[in-house]
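The values are calculated or read from the model by the stated rules, or taken from the named source; none is laboratory data. In this text the structure is predicted, and so the values were computed from the model without any measurement. We place every Cβ from the backbone using ideal geometry, glycine too, and count neighbours over all the protein chains shown.
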């Protein structure tokens, strides 16, 4: 694909990261908003799509569209092959042992709900405890609360300190004989904190407790190796990884997935159905009832091809530079307080402006062409912890530039001017 | 005037900075809470209703400049009005905020200053939250009002 070779060229090991060349792969970045160049800093909500992903969707619907895993005709075989090839790309991308451990879902939210219902209801009992953290997205809180109500289990919460880091001493104290699951974020969506998950997983495993990682905010910034992390489940969304919306991935350790009952019943998840008894299909199909988002899966595969051609060392350095520069620039603004000052951060800069609500900041920034998120970021407990109703969040991707950080700072000065 | 200047007029910024009737009414006989689940804004509206007339009305809560100013202006406007007149005003304000008023919002008096909001669809709910809440208070609904 053109975009990929183009990128490979711009990411030569020797040279530095050429952000302007990368930007050419993303057609939306050429847009003007309210007469100003778009400055897209809402990557934590969703990533923009490179041309090769858009082309993959187009190519699928133009020349491959068919249902998968059933037709004997040419198109169905093409579509099945393309969809399964995408699964294999995802397996390689997160270094899973087998592609039967890669389950296509709608997104991170569905992945977590699947584990809560299939693993949780099967393996937890009344009185058992599930550990989450105080910096979780609602989608890593509510599915567990639903499970707790269903079976009489209990949620325990790892607290966070003033910098937005987990208090690990408290984490260690939460374990007891009733602890049955740990479900935590890899990177916080509201604060940007990178959680020391590898050490935490080791601790959990010492207590015989399996671990789910919410990787929605981690996959666009960090290289993920599920074997190295040694996690039991890893959930992420395709659309934050520059792929289509409506498709995501649950990685699960095969031994655990084998023991779990199916998520939904329907076509594709069975091997034999009679009115007396139904035999379920093998992994991963046991968890994939109904016609999936075929184009989405293929599009996610294209996004992974694109990302795999990038030099991730250079990306990490570029993103680190963006975040440090933005932190310095914004810290200079009178009355601006940064929320989330962990030592290890990725991609997110959340802040509050004295006497100005985040929504008003968001609206004025938008008039300057700067797209950010304003609100509670589906993490209301985090807002409570910091005593703020909402924050403004700038979230970065590798295609953002230093000039865009300057545009953000200028727009914040405009907010200050409006509010006096 | 740009859309932005239209939205953040001096009067609105002033109500945001020094909201009127931002207090609890001790002998309120109507009270309702309102939430905007999208952004987490919340407001509590207190009403002292006597013989079908709003003798006193106040609010407290947290939200953006638009929601605060709208609530503040609402309390100033509703004081002394009959329940029926308040309901009529609610209808007209709602029409103006959503851009559905055929007269451009002439029926709402001073509140016309909020008409700039209709150019910012994402902010309409901020401006209408207090109105939904007072409406719930007057109808004696037990459920918190939401903008959804």
Qualifying residue in region A:62-84 (condition: under 22 Å from the mean Cα position of the chain (by Cα) and closer than 15 Å to residue A:257 by Cβ): no
Complete set of residues in region B:18-53 that are more than 17 Å from residue A:389 (Cβ to Cβ) and either crowded, with 23+ Cβ neighbours inside 10 Å or within 14 Å of chain A (Cβ to nearest Cβ) (or both): B:18, B:32, B:45, B:46, B:47
Residue match in region A:397-419 (condition: more than 22 Å from the chain's Cα centre (by Cα), crowded, with 23+ Cβ neighbours inside 10 Å and within 14 Å of chain B (Cβ to nearest Cβ)): no
Looking only at region B:1-15, and only at residues there that are facing another protein chain (nearest Cβ under 8 Å) and modelled with pLDDT of 90 or more, the one that is surrounded by the fewest Cβ atoms within 10 Å (Cβ to Cβ): B:13
Single match in A:387, A:335 (criterion: free of Cβ contacts under 8 Å to residues at least 60 places away in the same chain, over 22 Å from the mean Cα position of the chain (by Cα) and surrounded by fewer than 17 Cβ atoms within 10 Å (Cβ to Cβ)): A:387
Any hit, region A:99-119, residues being closer than 21 Å to residue A:294 by Cβ, modelled with pLDDT under 95 and not in a helix (DSSP H, G or I): no
Identity of the residue in region A:363-383, at pLDDT 95 or above and either more than 10 Å from every other protein chain (Cβ to nearest Cβ) or part of a loop (DSSP other than H, G, I, E, B) (or both), that ends up nearest to residue B:2 (Cα to Cα): A:368
Hey, residue B:87 within 14 Å of chain A (Cβ to nearest Cβ) and either without any contact (Cβ under 8 Å) to a residue 40 or more places away in the chain or more than 16 Å from residue A:357 (Cβ to Cβ) (or both) or not: no
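Residue-by-condition table, conditions (1) within 22 Å of residue A:44 (Cβ to Cβ); (2) surrounded by fewer than 20 Cβ atoms within 10 Å (Cβ to Cβ); (3) touching a residue at least 24 places away in the same chain (Cβ under 8 Å):
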position	(1), (2), (3)
A:124	no, no, yes
A:127	no, yes, yes
A:130	no, no, yes
A:143	yes, no, yes
A:150	no, yes, yes
A:154	no, yes, yes
A:158	yes, no, yes
A:171	no, no, yes
A:174	no, yes, yes
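Restricting attention to region A:338-362, report how many residues are within 13 Å of chain B (Cβ to nearest Cβ) and either buried (at least 24 other Cβ atoms within 10 Å of the Cβ) or touching a strand residue (DSSP E or B) at 6+ places or on another chain (Cβ under 8 Å) (or both). Quick ask: steps written out before the conclusion?
From region A:338-362, those within 13 Å of chain B (Cβ to nearest Cβ) are A:352-362; that's our starting set.
Restricting the remaining residues to those that are either buried (at least 24 other Cβ atoms within 10 Å of the Cβ) or touching a strand residue (DSSP E or B) at 6+ places or on another chain (Cβ under 8 Å) (or both) gives A:352-354, A:357-362.
Matching residues across region A:338-362 total 9.
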Within region B:58-72, considering residues that are within 15 Å of residue B:135 (Cα to Cα) and either out of contact with any helix residue (DSSP H, G or I) (no Cβ under 8 Å at 6 or more places or on another chain) or surrounded by 24 or more Cβ atoms within 10 Å (Cβ to Cβ) (or both), the one farthest from the other protein chains (Cβ to nearest Cβ): B:59
